[in-house]
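Have a look at the structure below before the remarks.
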Amino acid sequence: MSRTPLAEKLRRLIEANGPMTVAQYMAHCLTDPEHGYYVTRDPLGRSGDFITAPEVSQMFGEILGGWLIHVWDLCGAPSPVSLVELGPGRGTLMADILRVASRVPKFGVAAHVRLVEASPVLKARQADALKDSSFPLSWHASLDEIPPGPMLLVANEFFDALPIRQYQRIAGEWRERVVSLDAAGELAFGIGPGRLANGPVASEGATLEVSEPAEALVDQIAERIATDGGAALIIDYGNQRTAGDPTLQAVRGHRYTDPLAAPGEADLTAHVDFGALARRAIAEGAAVHGPMPQGEFLLALGLLDRAGRLGSDADEATRDQLRAAVERLAEPYQMGDLFKMLAITQVGIAPPPFSAALGDKQPRPICAA
Ligand code: SAH
């Protein structure tokens, strides 16, 4: 039985208003102003619930920093430019990016760093991680607050935290899954009255997940990039599948748990549907590159060289750590395959290491279940 303070609040809400969508449940769990998972804690690191790529090694952020500066150059080195990060966690990725960026004086003059963060706890961590940076910095509640103009945007493990709606294929229809109460008054999944029209055909029992906030955010990013110039790099785990098994998952203390077991005290995420995001970005008039597996991207941009250089004067223990970090970031059985990089850019540039030729705006084929 779930006894978290948020579980009590959700029970009362469901008793009063009826079942809620999976998206509403996720939004309460992650960002409830009183008990939301991200609002109340720093979830990252060994003592937290999960570890992300920038927390594995500085090499991740350094390579991304090099990519962003290169792409800024390809875009004609616009000045001023906003360097935006969505959900910067502990600020580690941005600190690593800025270490690389600070070696490019003309970028130092052009860039204003803008962090979009919902969590007061993590904002404080970010301020601390970036306190020695020479770049102007500001925090924003959403992308709407960021002034118009060219933008370089990065988002690592941000889109997976945006709420999804779930539909299940039942008797030839897509019926919406909801969170309701069972006979004992416990939170339980059920099927609500909602139906999705125009969904794909799929086998009985298949699940379709749709993230309206993720799609709306990509519309906004792509529209800005198509109009004002720049690029975005979205890194997350997921595939191009549009229907199949449910991917909503809860992680607590580095272990998977039942998504209904501890609302507000476990991280809740879902795989990102890169096919859907790519289609939306193209429809807004931006160019799309990828998605490409993280391992392929990092290796093509010199992960092994970087590890070699960092290890050249180091002791054996540090070299072991570097080897382990390369493995964790790039090996297919670790983060290398499941995590993908999707770049959205102004049209007419061909950023490495995506092989897409100039003007190639087609995402890779979508595989349905
Ligand atoms: N990018 C970081 C952290 C990933 S965790 C890393 O790779 O280590 C997800 C991040 O997104 C956290 O900083 C969390 O507080 C933030 N976040 C989640 N939902 C958000 C929302 N709706 N608006 C703004 N920030 C959000």
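The values are calculated or read from the model by the stated rules, or taken from the named source; none is laboratory data. Please read all numbers here as calculations on a predicted model, not as lab measurements. Methodologically, a virtual Cβ is constructed for each residue, glycine included, from the backbone with ideal geometry; neighbour enumeration extends over all protein chains shown. Calculation scope for accessible area: heavy atoms of the full protein, side chains included, ligands and nucleic acids excluded. Shrake-Rupley method; radii C 1.70, N 1.55, O 1.52, S 1.80 Å.
Residue-level check: of (1) in contact with a Leu (Cβ under 8 Å, 6 or more places away or on another chain); (2) open to solvent by less than 30 Å² (accessible area, probe 1.4 Å); (3) within 24 Å of LEU6 (Cβ to Cβ), ARG90 misses just (2). Picking from residues in the stretch 21-56 that are more than 12 Å from the ligand (Cβ to nearest atom) and hydroxyl-bearing (Ser, Thr, Tyr), the one that is surrounded by the most Cβ atoms within 10 Å (Cβ to Cβ) is TYR25.
Taken together, the criteria exclude ALA214 from residues that are modelled with pLDDT of 95 or more, assigned to a strand (DSSP E or B), open to solvent by less than 30 Å² (accessible area, probe 1.4 Å) and within 17 Å of ALA23 (Cβ to Cβ).
Of these, ILE225, ILE235, which one is within 16 Å of the ligand (Cβ to nearest atom) and either hydrophobic (A, V, I, L, M, F, W, C) or touching a Cys at 6+ places or on another chain (Cβ under 9 Å) (or both)?
Unique residue meeting the criteria: ILE235.
Here the stretch 104-146 is the region considered, the condition is being polar (S, T, N, Q) and farther than 23 Å from THR31 by Cβ, and the residue that is farthest from the ligand (Cβ to nearest atom) is SER134.
Among the numbered conditions (1) open to solvent by 60 Å² or more (accessible area, probe 1.4 Å); (2) without any contact (Cβ under 8 Å) to a residue 60 or more places away in the chain, the only one that PRO246 does not meet is (2). LEU68 meets all of the listed conditions (1) over 17 Å from HIS112 (Cα atoms); (2) more than 12 Å from the ligand (Cβ to nearest atom); (3) open to solvent by less than 40 Å² (accessible area, probe 1.4 Å); (4) of a type in the set (A, V, I, L, M) but one, namely (1). All conditions but one from (1) free of Cβ contacts under 8 Å to residues at least 40 places away in the same chain; (2) not in a helix (DSSP H, G or I) apply to ARG319; the one that does not is (2).
In the stretch 175-185, the qualifying residues are those that are at pLDDT 95 or above and open to solvent by less than 30 Å² (accessible area, probe 1.4 Å), and the one that is farthest from the chain's Cα centre (by Cα) is SER180.
Answer yes if at least one residue in the stretch 269-288 is in contact with a helix residue (DSSP H, G or I) (Cβ under 7 Å, 6 or more places away or on another chain), among the charged types (D, E, K, R) and part of a loop (DSSP other than H, G, I, E, B), and no otherwise. Checked the stretch 269-288: at least one residue is in contact with a helix residue (DSSP H, G or I) (Cβ under 7 Å, 6 or more places away or on another chain), among the charged types (D, E, K, R) and part of a loop (DSSP other than H, G, I, E, B). Checked against the criteria, GLY76 counts as on the phi > 0 side of the Ramachandran plot, more than 9 Å from the ligand (Cβ to nearest atom) and not hydrophobic (A, V, I, L, M, F, W, C).
Evaluating PRO148 against the criteria (1) open to solvent by 10 Å² or more (accessible area, probe 1.4 Å); (2) part of a helix (DSSP H, G or I); (3) touching a residue at least 40 places away in the same chain (Cβ under 8 Å) leaves one unmet condition, (2).
Against the conditions (1) open to solvent by less than 10 Å² (accessible area, probe 1.4 Å); (2) modelled with pLDDT of 95 or more, ASP320 satisfies every one except (1).
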